[in-house]
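The values are calculated or read from the model by the stated rules, or taken from the named source; none is laboratory data. Values in this document were obtained by computation on a predicted structure and should not be read as measured data. Cβ placement follows ideal geometry from the backbone for every residue including glycine, while neighbour counts extend to all protein chains displayed. With ligands, DNA and RNA removed, areas are computed over all heavy atoms of the protein, side chains included. Shrake-Rupley method; radii C 1.70, N 1.55, O 1.52, S 1.80 Å.
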There are 2 protein chains.
Amino acid sequence: MATEQDVILGVDIGGTKCAVCIGNTRGEVLHRLSEPTDGANRSPEAVMNSLADKGKTLIATVGAASVIGVGVSCGGPLDTTTGIIYAPPNLPEWKAVPVRSLLEDALQLPVRVENDANATALAEWKFGAGIGTQNMVFMTMGTGIGGGIIADGRLIHGRNDLAGELGHQTILIDGPLCGCGKRGCLEALASGPSIERSARESDLPGREKRVLHLAGGDLNKITAAHIVQAAIEGDDFANAILQRAGRYMGIGIANIIQMLNPERVILGTIAVHAGDLILEPIRKAVSEFAWKRSAEVCSIVPAALGDRAQDLAAIALWLQ
Amino acid sequence: MATEQDVILGVDIGGTKCAVCIGNTRGEVLHRLSEPTDGANRSPEAVMNSLADKGKTLIATVGAASVIGVGVSCGGPLDTTTGIIYAPPNLPEWKAVPVRSLLEDALQLPVRVENDANATALAEWKFGAGIGTQNMVFMTMGTGIGGGIIADGRLIHGRNDLAGELGHQTILIDGPLCGCGKRGCLEALASGPSIERSARESDLPGREKRVLHLAGGDLNKITAAHIVQAAIEGDDFANAILQRAGRYMGIGIANIIQMLNPERVILGTIAVHAGDLILEPIRKAVSEFAWKRSAEVCSIVPAALGDRAQDLAAIALWLQ
């Protein structure tokens with residue numbers, strides 16, 4: 001068990017940028033270094049060597065004796081037991097990279113590796129919107145819909161670290177094609193790109209009023225951010241698009257509630273930006289598609305950590 | 001932790017009959033007494049008193065010192081912390097019956113209470129088709145579709161003991177009305193009664209060949225057992241009905257696999273009787289609706305405990 005004096009080295013490996021930080025058990029980030037991933041020009045080993053060097057610098061700053069371990073948050077698929085990363089979508093060149101052993105050798109500290117959605121679930125649980133719960137679910141709601149499950153006080157991994165793929169449950173049989181290759185996944189109905197597609201393809205009136213204007217008049221440049229902004233301004237078309245996505249999201253969350261009976265569902269990105277404009281249709285669908293007895297114990301709230309989420313995700317791996 | 005010499009008093013409370021048994025840690029039932037529940041003529045207290053008396057008899061037979069505890073398996077909703085049962089569908093008169101405290105007072109032994117689907121999941125895990133797994137899901141497939149989840153080596157309860165309601169995820173938005181009041185639940189598409197309704201309402205040819213014959217010529221007397229029997233005999237109509245139900249069941253199981261990444265899904269009742277006639281369409285749908293990486297580590301098998309399941313469910317509560 002970590003004490004108040006202990007600190008953790010957090011490593012966040014992303015497709016665009018990477019960061020190394022020192023955080024304490026209260027979720028305060030004390031030191032931080034970052035760099036572009038530049039996966040096109042650097043091998044995974046070169047990236048890992050650079051991150052290990054930054055880690056050594058930070059460890060020297062705080063003193064090695066206070067660092068209890070290293071947490072690595074990264075896109076999956078990956079193996080939390082071996083600490084090997086298997087070519088996540090945002091790092092396609094990282095084929096079987098032994099992240100854990102590379103860092104353990106370089107830093108001489110124990111290393112835990114976790115996929116970013118699970119790690120963020122832990123961070124929201126320990127430091128954010130999930131504090132005090134024993135059963136909670138975190139869901140990203142951005143480019144994709146991922147998730148992490150805390151059940152009866154523990155992060156759930158499943159057989160081969162694929163538990164929590166909450167965006168790839170089937171909501172609509174024979175529905176729109178998902179990026180994963182299946183049809184009718186929640187992600188194909190309520191993620192950022194699916195909201196954009198929904199706005200582009202919609203035959204509802206009023207798209208030209210605000211949404212198309214915000215996109216510079218180009219239908220293909222409509223983003224989820226434009227739709228959220230227009231909805232905040234009171235635009236009916238944008239609101240209708242969000243309500244449709246929110247209803248599907250609510251059906252997916254209702255399924256999760258029926259299966260796992262969480263006391264809190266924490267939603268990232270779009271839910272943070274749009275607030276009740278998307279949360280209300282979500283809650284309405286949950287009340288329709290989940291049992292009252294289960295729904296009434298479960299609050300559905302936006303994520304609380306904002307920009308701190310990625311650093312704290314890596315830190316939180318040592319606070320389970 | 002239970003030892004080889006320890007025994008457990010198991011109490012199974014059902015809508016039709018109740019049983020009290022002594023079982024050991026290897027899943028052998030050593031002694032057993034049963035009685036009709038007779039809930040129409042007996043109060044919950046009268047039933048509990050009678051079961052406590054039977055329990056005392058069995059405890060005297062084996063010697064009180066060897067009994068480590070009492071396990072009670074019963075329909076939910078119930079509260080596993082307080083041990084209170086809240087009017088399960090099969091015992092509607094049992095409104096807030098404090099089963100645990102009644103039995104603890106009468107037997108002077110610690111009592112654990114669990115809903116029957118969760119308890120059966122534990123029994124299949126310890127003694128049946130789930131032996132050796134760390135992530136498995138048990139699903140009933142009879143009058144209703146219930147379930148129990150073992151995730152990373154532990155039974156999952158959720159916030160208020162409602163985790164595992166796997167039959168009440170939404171498979172078909174605006175689908176057929178479910179017994180629970182929602183629409184399009186898995187239970188409304190793949191349970192025994194829904195298979196019967198599907199056979200009654202189907203416009204597929206050939207119903208008269210075997211299915212209607214087995215039902216004595218009365219459309220309203222078709223049962224799931226008739227359909228399974230006809231399918232075993234090679235009847236095309238019955239097989240088409242099972243394939244339809246199996247496809248929906250497979251979609252529901254695919255959703256579970258995406259969320260929980262189990263290594264085994266264990267199916268009761270209809271899957272036990274129909275075997276591959278329903279398991280094959282289920283597996284086919286799973287391969288279509290779940291990711292290859294998740295599906296390929298998960299076997300879908302019939303339950304193994306048969307008539308022993310209910311006794312062992314109560315026993316297994318002390319082997320977690």
B:Y86 is checked against (1) within 27 Å of B:I156 (Cβ to Cβ); (2) in contact (Cβ under 8 Å) with a residue 24 or more places away in the chain and fails just one. What number does that condition carry? (2)
Going through the range B:60-70 in order, the residues found to be over 18 Å from B:I13 (Cα atoms) and either open to solvent by less than 50 Å² (accessible area, probe 1.4 Å) or hydrophobic (A, V, I, L, M, F, W, C) (or both) are B:A60, B:V62, B:G63, B:A64, B:A65, B:S66, B:V67, B:I68
Read through the list (1) within 13 Å of another protein chain (Cβ to nearest Cβ); (2) under 14 Å from the mean Cα position of the chain (by Cα); (3) under 22 Å from B:R159 (Cα atoms), then give the number of the only condition that A:A129 fails. (1)
Scan of the range A:76-88 for residues that are surrounded by 20 or more Cβ atoms within 10 Å (Cβ to Cβ) and either of a type in the set (K, R) or at pLDDT 95 or above (or both), ordered by number: A:L78, A:G83, A:I85
I'd like the full set of residues that are part of a loop (DSSP other than H, G, I, E, B) and surrounded by fewer than 23 Cβ atoms within 10 Å (Cβ to Cβ), limited to the range B:121-140. B:A129, B:I131, B:G132, B:T133, B:Q134
List every residue pair whose Cβ atoms lie under 6 Å apart, where the two residues are 6 or more positions apart in sequence or sit on different chains, the first residue falls within the range B:240-266 and is more than 10 Å from every other protein chain (Cβ to nearest Cβ) and in contact (Cβ under 8 Å) with a residue 12 or more places away in the chain, and the second residue, located anywhere, is crowded, with 24+ Cβ neighbours inside 10 Å and not aliphatic (A, V, I, L, M). B:I266/B:E124; B:I266/B:G130; B:I266/B:F138
Contact list, first residue from the range B:154-179 and at the interface with another protein chain (Cβ under 7 Å from one of its Cβ atoms), second anywhere and among the polar types (S, T, N, Q) and assigned to a loop (DSSP other than H, G, I, E, B), beta-carbon distance below 7 Å, six or more apart or interchain, is B:H157/B:T80; B:G158/A:N135; B:G158/A:N261; B:R159/A:N135; B:R159/A:N261; B:N160/A:N261; B:L162/A:N261; B:A163/A:N261
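Between B:G184, B:G158, which is out of contact with any Ser or Thr (no Cβ under 7 Å at 6 or more places or on another chain) and of a type in the set (G, A, S)? Break it down stepwise before answering.
Numbers: B:G184 fails: out of contact with any Ser or Thr (no Cβ under 7 Å at 6 or more places or on another chain).
One residue alone meets the criteria, B:G158.
Give the residues of the range A:123-171 that are of a type in the set (A, V, I, L, M) and in contact with a His (Cβ under 7 Å, 6 or more places away or on another chain), sorted by residue number. I'd like the intermediate steps shown before the answer.
Initially, the range A:123-171 is screened for residues of a type in the set (A, V, I, L, M), giving A:123, A:129, A:131, A:136-137, A:139, A:141, A:145, A:149-151, A:155-156, A:162-163, A:166, A:171.
Listed by number, the list holds a single entry, A:A163.
Taking the range A:145-155, which residues are surrounded by fewer than 24 Cβ atoms within 10 Å (Cβ to Cβ) and either in a loop (DSSP other than H, G, I, E, B) or in contact with a helix residue (DSSP H, G or I) (Cβ under 7 Å, 6 or more places away or on another chain) (or both)?
Quick first cut of the range A:145-155, residues surrounded by fewer than 24 Cβ atoms within 10 Å (Cβ to Cβ) only: A:152-155.
A:D152, A:G153, A:L155, listed by residue number.
The rows are residues; the columns are (1) of a type outside the set (D, E); (2) in contact with a helix residue (DSSP H, G or I) (Cβ under 6 Å, 6 or more places away or on another chain); (3) surrounded by fewer than 24 Cβ atoms within 10 Å (Cβ to Cβ); (4) assigned by TED's automatic domain parsing to the domain that holds A:T140.
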{"residue": "A:L242", "(1), (2), (3), (4)": "yes, yes, no, yes"}
{"residue": "A:N255", "(1), (2), (3), (4)": "yes, no, no, yes"}
{"residue": "A:Q258", "(1), (2), (3), (4)": "yes, yes, no, yes"}
{"residue": "A:L267", "(1), (2), (3), (4)": "yes, no, no, yes"}
{"residue": "A:V272", "(1), (2), (3), (4)": "yes, no, yes, yes"}
{"residue": "A:I278", "(1), (2), (3), (4)": "yes, yes, no, yes"}
Within the range A:271-301, can you find the residues that are over 16 Å from A:R247 (Cα atoms), more than 14 Å from every other protein chain (Cβ to nearest Cβ) and either of a type outside the set (A, V, I, L, M) or touching a Gly at 6+ places or on another chain (Cβ under 6 Å) (or both)? A:H273
Checking A:S73 against (1) touching a His at 6+ places or on another chain (Cβ under 7 Å); (2) buried (at least 19 other Cβ atoms within 10 Å of the Cβ); (3) of a type outside the set (A, V, I, L, M, F, W, C), which test does it fail? (1)
As an exercise: evaluate B:A117 against (1) open to solvent by less than 20 Å² (accessible area, probe 1.4 Å); (2) assigned by TED's automatic domain parsing to the domain that holds B:G184 and give the number of the one condition it does not meet. (2)
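Residues that are crowded, with 24+ Cβ neighbours inside 10 Å and of a type outside the set (K, R), at least 2 per element: which helices (runs of 4 or more DSSP H) completely within the range B:156-236 meet that? Before you say what the answer is, go through the steps one by one.
Details: elements: B:187-190, B:192-201, B:211-214, B:224-232.
The qualifying helices (runs of 4 or more DSSP H) are B:187-190, B:192-201, B:224-232.
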Take B:L91 and tell me if it is aliphatic (A, V, I, L, M), open to solvent by less than 10 Å² (accessible area, probe 1.4 Å), at pLDDT below 95 and not in a helix (DSSP H, G or I). yes
Applying the selection to the range A:40-61, what residues are of a type in the set (A, V, I, L, M, F, W, C), touching a residue at least 40 places away in the same chain (Cβ under 8 Å) and out of contact with any Leu (no Cβ under 7 Å at 6 or more places or on another chain)? A:L51
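Consider A:L9 carefully, then state whether it is in contact with a helix residue (DSSP H, G or I) (Cβ under 8 Å, 6 or more places away or on another chain) and open to solvent by 30 Å² or more (accessible area, probe 1.4 Å).
On the way: in contact with a helix residue (DSSP H, G or I) (Cβ under 8 Å, 6 or more places away or on another chain): yes; open to solvent by 30 Å² or more (accessible area, probe 1.4 Å): no.
When the stated conditions are applied, A:L9 does not pass them.
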